[in-house]
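Worksheet: the structure to be examined is printed underneath.
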Amino acid sequence: MIRYYWNILRQVASISTSSMLAYRSNVLFFILFESFFLVANMGGIALGVNLAGGSLGGWSFNEVMFVASLFGVGHQIFTTLCISGLFHTGYFVWSGRMDYVLLKPLHPLIGIHAANELIISNIPNLIINIGIFLFYCQKIITDGAVFTFWNTLGLMLFFLAGLAVRYGLAILVVAPAFFAEKLAEGEDAYWSLQSLAKYPTGVFPRSMQWLFSFVLPIASIAAIPAEVFFGRQNIKDMTIHFVVAVVFAWATVKFYETGARHYQSVNTGA
Amino acid sequence: MTLMTYDSTSDIAIEVRGLEKTYKTYRKEAGFSGALKSFFHRETVPVQAVKSSSFSIRRGEFVGLLGPNGAGKTTMLKMMTGLIPPTSGTSVAFGSFDTSKRPRDYLRRIGMVMGQRNQLHADLPAVDSFRLSQAIYDIPEERFKSRLETCLALFDIHSKLNIPVRKLSLGERMKMELILAILHEPELLFLDEPTIGLDFNAARQIRAFLADANKNFGITIILTSHYTKDIEELCRRVILINHGTVVYDGALDGLDDRVQGERQFSVTTADPASAKTLLAWVQKNPDHRIMPENMPDDTTVAFAVTSKSVADTTKQLFEVIPPQSVRDLTIGERGLEEVFAEVYRKAGDSGGVRA
Amino acid sequence: MTTDVRPKMAIIRHQTRRSTIMRASVVYFGQCLQAALMYRSSLAIFLAAEAFSYAGFIAFWYKAAQSNPAQHVYSPIGLVVYFVLVSFHHSIQHHAASRDLGSDIRMGKLSYSIIRPFPFLLQTGLRSVAFTFIYSMLLSPLLVGGFLLVPGIWESLSSGFTPDIYWQYPVAITIGLASGWLVRMLVGMLAFDMAQIWGPDTFFIALYYAGSGAMFPIDLLPVWALNIAKWTPMYYMVGFPVLTLMGRIPAATFGQEAIRGVVVTMLTFAGMYAMWRRGIKQFEAIGI
């Protein structure tokens, strides 16, 4: 079973690399995009924290930037591995190409990824963001933070849970394509929703904190892994957040499966 | 998930019972005011695309699923593949698989090609898509190479294997699509207008390929097409659908007889006088159907008779005018399109014609 | 045909063509509006996501302003006003215009359009105008509701109003929408040379976020950075109309900024038109 899926992944990676090499300029544009976007994104956050006097909601400047850079790494991993498949769902449903995806002996999500590409061109950006994350790791060490086995393990586990929430969030906005006549803005909706995750939860009012922790758990993407690392979460809350993240991701996968069963093929309307 | 065990001994490839499909669509009035009204309230219109259809297809058959545009052929096909769920009825494949549930073991055994859509990666050579298919269907390397080589040889298309798909012509692309569909050795192949838009030569090669696949690989093939050449050359059995209902299910040969098959005479005489004499005789006989649309000049007489009276008609013809007055005589079958049109017309009158 | 009849016929033909184009434009614009209204769930998801996203921005910047109100250039309420207005101005822009144009060029729609007596650029312009119109209509109730329901933000906004706002804002928003459309057309026209334009399109999006004021109050940038941004079309897309409406552009400098905006827009137009002419000459109508 592992060999089987590994072979599929290898072929998809091979196709993606070949396709990237056919459009080499995209590598350059992706790097340029990331450079400017990083400046805008992190520069904006830095500007806000500086204007607030160097700390925000109990988080120091470096801690806020640590959260933002952790968010950036997760964002790049998701962009590299997942966006092509998921964000083509709407187009595939509308154009009827989903027919071929659903005829494959694969789970619909694996099928849609196999029918698309990995964004190999984005790997340099992933490396850049990992570099920035490591930079802020070094900054918080200078401020007195300590990387122990447990808090590092907690950070990694919750980071993975956060990736699952990202994936689930994307499914949440693209899967309605199976039920609608046409859904073209799923991708834009995803970018809008996930942009909230780069801030520590403390900046939001309590009602929004609750919403982003337990209903639409985008806080699990970056803020909660950081809180786990800094020891700002007790065991009970950590467990609840982890379970909520996993359940959310699982529920969205089921939603996608339901959509695939509901699929009516093109020219039929839903 | 219900486990469905594949029954390799079942000689039925697919069995359809009472299959129905009703779609929900929306009516919108023209103009901006209509769009605004529709934004707040939509008028839903149910469309019954397929009405209670039943038939069985045996392994190894090559069946044509025919009908005019909007008849329900593609809907029927997609329900049999499991792409869309039926509103009611069942479709069972190989005696074991409920196709509406799209079980993976069933999907491994089928292939599909849609003439108006493709699944090959446009920017890369077809071989890359073949390799991905090999991984998805878990085809051992030796079998993959052997099958690929056989298919490439059948189409004589080796030289196109490493060219980006978007640079190929339509015919070449369709050949690659067909190869992709049968690489994993499916037992059941669904083809939705595979020759649409292709030139005569490409279509001919594809027909030869499909005939070979059916004969040598034993693949059961269900084909929809608007081209009568596809049907005539490939299908021994046809299922005609009109307005969502099966109006004929049987041998292609039996179709003409069933609708009182006729034979068409076209006589070119040496002079207009002979043609006039012949025409007068044709007009006197109520069993003759004159075909003025096939009489381009005053020396040609065209008429149709039932297939049973061909011999008598020929004999009588040479009694009416002497053989030396006949420059050319053609006796042909009615074109398939005319036969279909007649079937649809009679089905509209009587509710269906079955073999 | 006598010589003196031909000029009259030419005039008649010209007038007929102009009135035909105008009629076709009206019909086409109406159909763009209809198309936008057809997919309600798409609109709903987009609006909901935009609302969420800007809630996040507002929360962050509000907290920042609250934490150090004495030092902050914006009051907390002022920041809320800024992002509410930015949200509106961001959402009414036809962000997909470049992708749509690229798709039209590569997928064959351009081939049909250039053999018809209805200018292709006019079609794309009408599409963007229709998009802006629809989204303005849909978002306006939300905007008004926000100003009515959230205490203090209307008073904060209206305190910046001057009598000049009634002509300054229409000028600013016109420059903003025009420059936005033109630069997106420029990006879309790269499709004459490239099989896929989503690389440059993505890069443009980054420039937009960096220089438009959509992610942070644009006038908080250091002076040197702000001066650079003011010579790009991005500044005029969101930041300029929002700051105008909030009264944060002094009356004395508005004229200068508007003229600079017009110059930037004209330069963008020149670039876009040059690319269009070049692209059309070498257009091979091959598509994908």
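The values are calculated or read from the model by the stated rules, or taken from the named source; none is laboratory data. In this text, all values refer to a predicted model and were calculated from it rather than measured experimentally. Positions of Cβ are generated from backbone atoms using ideal geometry, with glycine treated the same way; all protein chains shown enter the neighbour counts. Note: areas computed on protein heavy atoms with side chains; ligands, DNA, RNA excluded. Shrake-Rupley method; radii C 1.70, N 1.55, O 1.52, S 1.80 Å.
List the lysines whose Cα sits under 16 Å from the Cα of B:LYS276, skipping any in the same chain fewer than 8 residues away.
B:LYS284
Ordered by residue, what ³J(HN,Hα) values in Hz, to whole numbers, does the stretch B:104-110 give under the Karplus form 6.51 cos²θ - 1.76 cosθ + 1.60, where θ = phi - 60° and Gly and Pro are x?
5, 4, 6, 5, 5, 9, 10
Leaving ligands, DNA and RNA out of it, rank C:TYR28, A:TYR256, C:TYR273 by accessible area with a 1.4 Å probe, largest first.
Largest accessible area first, the residues go C:TYR273, C:TYR28, A:TYR256.
Just to compare against my own numbers: the Cα pair-distance distribution for the stretch C:117-215, 5 Å bins, whole % per bin, please.
2, 9, 12, 17, 21, 15, 10, 7, 4, 2, 0
Ignore the peptide's own chain and count Cβ atoms of other chains within 10 Å of each Cβ in C:33-40; give me the average, rounded.
Mean partner shielding for this stretch: 6.
Test of understanding: in a Gaussian network model of chain B with alpha carbons linked when under 10 Å, which of B:SER159, B:SER56, B:SER129 would top the mean-square fluctuation ranking?
Taking springs between Cα atoms under 10 Å, the residue moving most is B:SER159.
For B:LEU180, what is the net charge nearby, where nearby means another residue's Cβ is under 12 Å from its Cβ and Lys, Arg count +1, Asp, Glu -1?
+3
Taking 0.36 nm per residue of separation and subtracting the Cα-Cα distance, what length does fully extending B:ASP253 through B:SER52 add?
69.8 nm
Could you compute Rg(Cα) / (2.2 N^0.38 Å) for the stretch C:6-281, with N its residue count?
My calculation over the Cα atoms of the stretch C:6-281 gives 1.10.
If you filter the stretch B:198-303 for GluC sites (Glu not before Pro), then keep DSSP loop positions with at most 13 other Cβ within 10 Å, what is left?
When the GluC sites (Glu not before Pro) of the stretch B:198-303 are filtered for loop state and at most 13 Cβ neighbours within 10 Å, nothing remains.
Note the buried accessible area between A and B here, summed over both chains, with a 1.4 Å probe, in Å² to the nearest 100.
The summed interface area works out to 3100 Å².
In debye, nearest 20, what is the charge dipole magnitude of the protein assembly as shown about its Cα centre with +1 on Lys and Arg Cβ and -1 on Asp and Glu Cβ, if you could check?
Using only the charged Cβ atoms, the result is roughly 1100 debye.
With the contact rule set at Cα under 8 Å and sequence spacing of 6 or more, what percent relative contact order holds for the stretch B:101-181?
45 percent
With r as the distance between the Cβ atoms of B:SER307 and B:LYS215 and R0 = 25 Å, compute the FRET efficiency 1/(1 + (r/R0)^6) and round to 0.05.
The calculated FRET efficiency here is 0.30.
Starting at the first residue of the stretch A:60-76, write each ³J(HN,Hα) from the Karplus equation 6.51 cos²θ - 1.76 cosθ + 1.60 with θ = phi - 60°, in whole Hz, x for Gly and Pro.
Here the 3J(HN,Hα) series is 6, 4, 5, 5, 4, 5, 4, 4, 5, 6, 5, 4, x, 5, x, 4, 6 Hz.
How much FRET efficiency would the formula 1/(1 + (r/R0)^6) give for B:SER96 and C:GLN66, where r is the Cβ-Cβ distance and R0 is 45 Å, rounded to 0.05?
0.10
I want to check the label-to-label distance for A:ILE235 and C:SER159. Put each point 7 Å from Cα in the C-beta direction and report it in nm to one decimal.
5.2 nm
For the full complex of protein chains and a 1.4 angstrom probe, list B:LEU278, A:LEU126, A:LEU32 by accessible area with the highest value first.
In descending accessible area the options line up as A:LEU32, A:LEU126, B:LEU278.
At what distance in nm do the modelled label points of B:GLU43 and B:LEU161 sit from each other, each positioned 7 Å from its Cα along Cα→Cβ?
5.8 nm
Considering only DSSP beta bridges where both residues belong to the protein assembly as shown, give the percentage that are antiparallel (nearest 5).
70 percent
For B:ALA208 and B:ARG143, what is the calculated FRET efficiency with R₀ set at 30 Å and r taken between the beta-carbons, to the nearest 0.05?
0.85
Output the Cα-based Rg and Dmax of chain B in Å, rounding Rg to one decimal and Dmax to a whole number.
Over chain B's Cα set, Rg and Dmax evaluate to 25.1, 79 Å.
Is there a pair in B:LYS73/C:LYS109; A:LYS104/B:LYS101; B:LYS73/B:LYS175; A:LYS139/A:LYS198; A:LYS104/B:LYS160 whose C-alpha atoms are over 20 Å apart, and which pairs would that be?
B:LYS73/C:LYS109; B:LYS73/B:LYS175; A:LYS104/B:LYS160
Please compute the net charge surrounding C:SER212, taking Lys and Arg as +1 and Asp and Glu as -1 over other residues with Cβ under 13 Å from its Cβ.
+1
Rank these by accessible area, largest first, 1.4 Å probe: C:CYS32, B:CYS235.
Largest accessible area first, the list is C:CYS32, B:CYS235.
For A:VAL146, put the label point 7 Å out on the Cα→Cβ axis and report which residues of the stretch A:221-246 keep their amide N under 14 Å from it.
A:230-231
Cβ under 15 Å from A:ASP143's Cβ, A:ASP143 left aside: what net charge do those residues give with Lys, Arg +1 and Asp, Glu -1?
+1
Per-residue accessible area for B:TYR227 at 1.4 Å probe radius, Å² rounded to 10?
Estimated to the nearest 10 Å², B:TYR227 gives 100 Å².
Could you give the nm distance between label points at C:GLN31 and B:ASN69, where each point is 7 Å from its Cα heading toward the beta carbon?
Placing both labels 7 Å beyond Cα along the Cβ direction yields 1.8 nm.
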